[in-house]
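Below is one structure, written out as structure tokens; the observations come after it.
A short reminder: the numbers here are calculations on the coordinates, not readings from a lab. Since we're looking at a predicted model, the values are computed, not measured. Heads up, the Cβs are rebuilt from the backbone with ideal geometry, glycines too, and the neighbour counts pull from every protein chain shown.
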Amino acid sequence: MSSLQTDVLVIGGGSTGSGVARDAAMRGFSTLLVERRDLADGTTGRFHGLLHSGGRYAVKDPPAAIECIKENLILRKVAPDCIEDTGGVFVVTPWDDPAFGDRFLAGCKNTGVPVHEVSVGDTLRREPRLHPGIKRAFTVPDAAIDPWKLVWSNVRSAQEHGARMLTYHRVLSLDVDGGKVMGAVLQDVRSGDEVRVRAEVVVNAAGAWAGQIASMAGCEVQILPGKGVMIAMNHRLVQTVLNRCKLPGDGDIIVPIRTTCVIGTTDVHVTDPDTSEITKHEVDFMLDEGEKLVPGFRQARALHAWAGVRPLFQETRAKDIETRDVTRSHALLDHKKRDGVGGFVTITGGKTTTYRFMAEVAVDAVCEQLGVQRPCSTAKERLPGSERGATYQLGARLGAREPLPQSEEIICECELVTRSHLDAAIARRETDSIDDIRRLLRIGMGPCQGGFCIYRATALLHADRHLDYATANHSLLDFLEERWKGLHPILYGDQLRQTRLDDWIFQGLFDVRHLPR
Amino acid sequence: MTYDVIVVGAGLAGLTAALRLSEQDRRVLVIAKGNGATHLAPPVIDVLGYAGDKRIESPQKALSGFVVSHPGHPYANVSADVIAESLDWLSRRVPELGYQGRLDENWLLPTAVGVPKPSALVPESMVAGDLRRGGRFVFIGLRGLKDFHASYLADNLARAQLPARVSTRFIELEPPHDRNADPGSVGFARRFDEPRFRDWIVQALAGQLEPNEKVGFPAVLGIEKAGEVWRDLERRLEHPAFEVPLLPPSAPGIRLYDALARALRQAGARILIGDRVAAGGSEGGRVAEINALTAARPVAYRANSFVLATGGFASGGLELDSRGSVRETVFGLPVAGMPDAGEPMFSPRYFDTHAVSRAGVAVDARLRPVDEKGKVVFENLHAAGAILSGAVPWREHSGNGISLATGYAVAAAILEHAAPRIRVDARD
């Protein structure tokens, strides 16, 4: 068993964990980030992509709203390349209580969320597909945020500050000795090799899985995993984040992000955070709710559905209330104070919008445990890729491509990924998984859902990485199975038509079922 | 304007039915929203490649057992003799493609990922790829052609389950390109039409081929001058050469369409591509007319008989809406093979057979659509090709076989039973 030594071991490669790794590395701690799968493979990569203005929580949860708008404004400064400034609008539809509009306005004003009531006519001109029966409309600074770009930018920055990263490594156990967590035993899930890590402090940023990690140190952390289903539609049916102006509920947000728009979401308590099942009932419900915001929603082409699991934290130890942080939006647990277990901090709950602040309080707790004072600078220092300070513009890929229209092959026509993009991503990721490449480049995420690019990507992976046939074939077949999970719940209309073409390509033309394994 | 027969759909099934009928002097109109699967798929005729997980060596031998175990299958309505006849007919009718093969044995050709795939009838430009007797194969990659990767193909094919030993290798060429570095397979096919480009290929391969090697090219060996291109390369390389089918669009598939369309026009048929078709009036249990939904206004076309060859879900012949309700898109015919209401349409595992896979139009022995009770819907409406229920063509490797055989059979059914042909003097 090999061994590693670090000041801070961060468990979980989602937005929180990558934020903690960056913050800790920037404060001069040697840092190791460990993730059981790929970065942003958990909840972070499975949400709708909304950068909250706080409007959604302005009435129901004012502290969360205050935190959201504060972080929204910070992320616009430090991570603009990850953000498309779509703006957001809250609309009172015929199904909503018109009186809620006044409560919403008051809530936004009390929490500092910039809000303006705008005329119905102007709103319909801005969003012509919006339900013409809306009664009131309010603009807020909602935006779209690309979770993969965000996590990768944080990790790149962390690495620039000396942090190390181990993806596809799961935590087998935590080493606890004399009331202190001393480190962890990890296992490389691909090779089976084990690694022992000795750490001064372990930060549990495993999100919905934080309860499982905490129990390895004998600490009880109750996470109530809340499953949410989302559907990406093939078009930007709307260009602004649309919210129903009511208390937060299911299927009441549509977020335009990249070339799609995403409707979300549901909230079903599940026992296992690895649950990803999507029921027909959930899909039907979302489509019906979509109709209320955008009439004809059911006739639009659905691309893909997925489920993410929220880490809803429930404190089981009422007397330890002081260990909870300032708002209900996230939970910082210093296990030394809470459970008498030193060297161990859990940061969970929260949302991607507030990931930076969660990382800040977690690393503050690390400093406290280590008895040092080192200030946080993540609210000021821009993430790699965001140096220019400009937000992401839809059409940026096309813009980059246009001056050189026929200079090289386009591997993924849907997302305009060129061969040199793909070659560079393969080299950078050092991965044999097309799904890992997808999270980096969005290949296979467009209308054809990989029908055309996956063969090309597999063959280039085979050539670039000198893969043996079995590894390459496994990667292709694995991608097809993964893709299907998000396709079969929404197969109707043009997406069924597309899928039938893809079935013929893979099974009829190529006959991948009979590939040598 | 009145026709003897109107064929809706311009894929292999529709074109076959139309050409057979035109050959018998019937006045035929082919009308379609767009080009069919001919432009997407290679022109190999797979009659039956797999029954379950068993690879079929002779469709002729396997068919009788297959239709017994698959009673609703389109092949249950066409005899093996008719299927065999249809293969011979196509070979004769489009000599440009130089088809070779018979119903009693399957060729085994490599796919672009290096899996041996059974086909009954193949164009001459693919024959040398037959893997059944083993041998030495070299595959030629062309830098810039993103849809063909010779090393991946060669690596897989070397591990394939085959009756005889096969050795594989690959050569990557970097052809010169001007302006467009991403011309796609059709662009490459046009370049192969040019003698200068073939000169370059031949020179680049000079001294690189080993004795007895068969040379596999991506299926881009010409569009306009396809036969000439392939023969020229074989002659000058002094090695057998063959094409490996690629992702859509399919250059050899377009060659088949062009050959069939040429034959159809010569036989006096009319082809209209570009308008969606909707049902028109019916009289006394017979379809009287269909409407072409042109940009300006619907235009009615009348005929004595109609052939529906619009394809399945992939081609737009069938549609499923978000509430799980299925529709045949031209006549609103009953759709068979759908799961019961409330039952899942798809399995959560990709490679399972899904409940909607066999959905389509059920027909009687004369290939006329029937309702749930087996009653013929319209006396003079027939169906052929991928719209027929009961098959999983991409699994059985039966797609073009079903289209050809049922297109061929539907013409026979019409010739046998329909009213005598309309006599016309002038043709447009």
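Residue by residue along A:403-414, Cβ atoms of other protein chains within 10 Å of the local Cβ number 3 on average. Counting only residues at least eight positions apart within a chain, or on another chain, the lysines with an alpha carbon under 27 Å from that of A:K337 are A:K180, A:K319, A:K351.
Would you please classify the overall shape of segment A:141-200 from the alpha carbon gyration tensor, given that a ≥ b ≥ c denote the square roots of the eigenvalues, rounded means a/c under 1.5, and beyond that prolate means a/b larger than b/c while oblate covers the rest?
Values: a/c = 2.35, a/b = 1.86, b/c = 1.27.
Because a/c hits 1.5 or more and a/b exceeds b/c, segment A:141-200 counts as prolate.
In the elastic network of chain B, a GNM with C-alpha springs shorter than 10 Å, the most mobile of B:A226, B:A158, B:A386 is B:A158.
Counting only the Cα atoms, chain A fills a convex hull of 148 Å³ per residue.
Helix B:251-266 and the longest principal axis of the C-alpha atoms of chain B enclose an angle of approximately 50°. Remark: segment A:397-412, residue by residue, has Karplus-estimated 3J(HN,Hα) of 5, 5, x, 6, 7, 3, x, 10, x, 10, 7, 7, 6, 8, 7, 10 Hz, where x stands for each Gly or Pro and the curve is 6.51 cos²θ - 1.76 cosθ + 1.60 at θ = phi - 60°. Between the alpha-carbon centres of segment A:366-396 and segment A:202-264 there is a gap of 23 Å. For B:K117, the residues whose modelled amide H falls within less than 5 Å of its own, excluding neighbours fewer than 5 places apart on the same chain, are B:L109, B:T111.
Which value, in Å³ per residue, describes the convex hull spanned by the Cα atoms of chain B?
160 Å³
In a simple Cβ point-charge model (Lys, Arg +1; Asp, Glu -1; nothing else charged), segment A:396-514 has a dipole of about 260 debye relative to its Cα centre.
To the nearest whole percent, what portion of all C-alpha pairs in segment A:396-514 is separated by more than 23 angstrom? Of all Cα-Cα pairs in segment A:396-514, 30 percent lie more than 23 Å apart.
Coordinate range of the alpha-carbon atoms in the protein assembly as shown per principal axis, descending: 97, 70, 53 Å. Taking the fewest neighbouring Cβ atoms within 10 Å as the starting point, the ordered list for A:H330, B:H177, A:H488 is B:H177, A:H488, A:H330.
Around the amide H of A:L172, modelled in the peptide plane, lie the amide H atoms of A:V185, A:L186, A:Q187, all under 5 Å away and 5 or more residues distant in sequence or on another chain. Taking amide H atoms as placed 1.01 Å from N in the peptide plane, the amide H of B:K146 lies under 5 Å from those of B:G184, each 5 or more residues away in sequence or on another chain. Size descriptors for segment B:191-263 (Cα atoms only): Rg and Dmax, in that order, 12.9, 42 Å. Taken along the Cα-to-beta-carbon direction at a fixed 7 Å, the label points for A:E291 and B:V68 span 5.0 nm. Where a ≥ b ≥ c are the square roots of the eigenvalues of the C-alpha gyration tensor, would you call segment B:132-253 rounded, which needs a/c under 1.5, or, failing that, prolate if a/b is larger than b/c, or oblate? It comes out prolate by the Cα gyration axes.
In plain terms, the residue of A:R103, A:R517 with the fewest other Cβ atoms within 10 Å comes first and the most crowded comes last, giving A:R517, A:R103. 3J(HN,Hα) along segment B:156-166: 5, 5, 4, 9, 6, 7, 9, x, 9, 6, 10 Hz, from the Karplus curve 6.51 cos²θ - 1.76 cosθ + 1.60 with θ = phi - 60°, whole Hz, x for Gly and Pro. Cβ-to-Cβ counts within 10 Å put A:T354, A:T316 in ascending order as A:T316, A:T354, the fewest first. Taking 4.7 Å between C-beta atoms as the pairing limit, the protein assembly as shown has these partnerless cysteines: A:C68, A:C82, A:C108, A:C219, A:C245, A:C261, A:C367, A:C376, A:C414, A:C448.
Each residue of segment A:505-516 is assigned a 3J(HN,Hα), and the resulting list reads 4, 6, 9, x, 6, 8, 6, 5, 4, 9, 5, x Hz, derived from the Karplus form 6.51 cos²θ - 1.76 cosθ + 1.60 (θ = phi - 60°), x at Gly and Pro.
Would you mind checking the tilt of helix B:59-69 against the longest principal axis of the Cα atoms of chain B, expressed as 0 to 90 degrees and rounded to 10? Around 40 degrees separate the two axes. How big is Rg to Rh over segment A:314-452, alpha-carbon atoms, Rh as the Kirkwood inverse-mean-distance radius? Dividing the radius of gyration by the Kirkwood radius yields 1.14.
How high is the relative contact order of chain B, given as a whole-number percent (alpha carbon pairs under 8 Å, six or more residues apart)?
Taking the mean separation of contacting Cα pairs over the length of chain B, I get 24 percent.
Please name which of A:S329, A:T391, A:L404 has its Cα lying farthest along the dipole of segment A:315-463 towards the positive end, using unit charges on Cβ (Lys, Arg +1; Asp, Glu -1) and the Cα centre as origin. Going by the Cα projections, it comes out as A:S329.
Extension gain, A:S119 to A:E315, is 66.2 nm, computed as 0.36 nm per intervening residue step minus the present C-alpha separation.
In the structure shown, the pairs A:K70/A:K336; A:K77/A:K149; A:K227/A:K485; A:K135/A:K246; A:K77/A:K109; A:K77/A:K380 are assessed against 18 Å; a Cα-Cα span above that value is assigned to A:K70/A:K336; A:K77/A:K109. DSSP assigns beta bridges within the protein assembly as shown; of those with both partners inside it, close to 60 percent run antiparallel.
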